[in-house]
1. Can we say LEU115 is among the aliphatic types (A, V, I, L, M) and either surrounded by fewer than 20 Cβ atoms within 10 Å (Cβ to Cβ) or farther than 16 Å from GLN212 by Cα (or both)?
2. Tally the residues that are in a strand (DSSP E or B), aliphatic (A, V, I, L, M) and over 14 Å from ALA147 (Cβ atoms), restricting the search to segment 52-79.
3. What tally of residues in segment 153-164 results from selecting those that are part of a loop (DSSP other than H, G, I, E, B) and loosely packed, with under 15 Cβ neighbours inside 10 Å?
4. List every residue pair whose Cβ atoms lie under 7 Å apart, where the two residues are 6 or more positions apart in sequence or sit on different chains, the first residue falls within segment 164-191 and is among the aromatic types (Phe, Trp, Tyr), and the second residue, located anywhere, is in a loop (DSSP other than H, G, I, E, B) and surrounded by 11 or more Cβ atoms within 10 Å (Cβ to Cβ).
5. Which condition from (1) closer than 27 Å to ILE37 by Cβ; (2) free of Cβ contacts under 8 Å to residues at least 24 places away in the same chain is the one that TRP123 breaks?
6. Looking at segment 177-192, which of its residues are closer than 23 Å to SER36 by Cα, more than 25 Å from the chain's Cα centre (by Cα) and surrounded by 11 or more Cβ atoms within 10 Å (Cβ to Cβ)?
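The values are calculated or read from the model by the stated rules, or taken from the named source; none is laboratory data. This structure is a prediction, so every number in the text was calculated from the model and none was measured. Heads up, the Cβs are rebuilt from the backbone with ideal geometry, glycines too, and the neighbour counts pull from every protein chain shown.
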Amino acid sequence: MDSIRRSLVLIAFLGILSAYAQSPPSIAPAATPAFSISAARSLDALLQDYAYRAFVRPRTGVLYNASVPPNITGITLSVIRFRSGSLRSKGVAQLKEFSVPVGVIEKPWVQRLALVYQNLGNWSSSYYGLPGYTFLSPVLALLAYDAQNLSATNLSELSFVASGKPILIHFQNVKSPIDGSTPQCVWFNLEGLPEFKDLESGENNTCSTTQQGHFSIVVNSTAPPAPAPSERPPTPGFGPSEKKSSSKKVWKIVGIVVGSFLFLVLLSSFIAWMWRHHKKKELKTMADRSEQGEPLRRRTIGGSPMPLAGASQRTLPEPPEDEFQSRETSTT
């Protein structure tokens, strides 16, 4: 008997192990982007160095195109230098795909600063890949550096903030999304963390930002495809079942309103009837009380009974004292 029990327990244990092996536990998708932030930051430092090499005869407000190392061919690099106050008061109407408005503030304050433009091209997904998302445009970047010493390397980025209107990025040559997916803007901050945002309404493939960083347009490739027109579910509120349910709700509301109104009418009528009945009862009581007073005697006069009032006891008037004395004198 014990051997049979042990065999059953062993069989159940093996069944649980086989089921667990066939269906491994689900693992949540990684929240961090599939790229090395150290590699991306090293690329920024390298591109800053090559961008500053383009300042052979630097002029303020002039855009210079810079070359890149042969091993990362395909990346477009440009740089422009400003006086700090000039950039804040005038902005830049067009810096490649970027439009920098008036009111840009950099921290810490420097006398001159440079804006380094990057277009990572076909290297976009290599340095800024996102699991579950597809890039519809190359990754673009706009980074601010201190430009007082143009031979400096490994510079840290300045804090670059638009205090008024946002910076606009007008993307070019954007791929069309597949399966009717909705494109989104993505911004990678200097720590490599992505933040998603809707495209600007009324603008064609345009994103906005108030800070520096790397930007692109992506689409969620893991989202379920949109249903075909024949399989598309009916729009809420327009299907036959929705119409029936909505009409039932309307009739219920109408019935409640009408019933409440009739109830109030009946209640007010009942209260008015009770009030009138109470008044009639009070009048009848008063009439009964008046009829229950002292009854009058009746006497037949001319064949008809007539009420007869009782005699009243009246005090006779006394004659004056002088007249009484004169009468006594005359009598004697």
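1. no
2. Qualifying residue count for the region: 1.
3. Here the count works out to 5.
4. PHE171/GLU97; PHE171/SER137; PHE171/ASN205; PHE188/TYR128
5. For TRP123, the exception is condition (2).
6. PHE188, ASN189, LEU190, GLY192
One line per residue, one yes/no per condition, for (1) in contact with a strand residue (DSSP E or B) (Cβ under 8 Å, 6 or more places away or on another chain); (2) aliphatic (A, V, I, L, M); (3) modelled with pLDDT of 90 or more; (4) closer than 18 Å to ILE167 by Cβ:
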| residue | (1), (2), (3), (4) |
| --- | --- |
| PHE13 | no, no, no, no |
| ALA21 | no, yes, no, no |
| ILE37 | no, yes, no, no |
| LEU63 | yes, yes, yes, yes |
| GLU97 | yes, no, yes, yes |
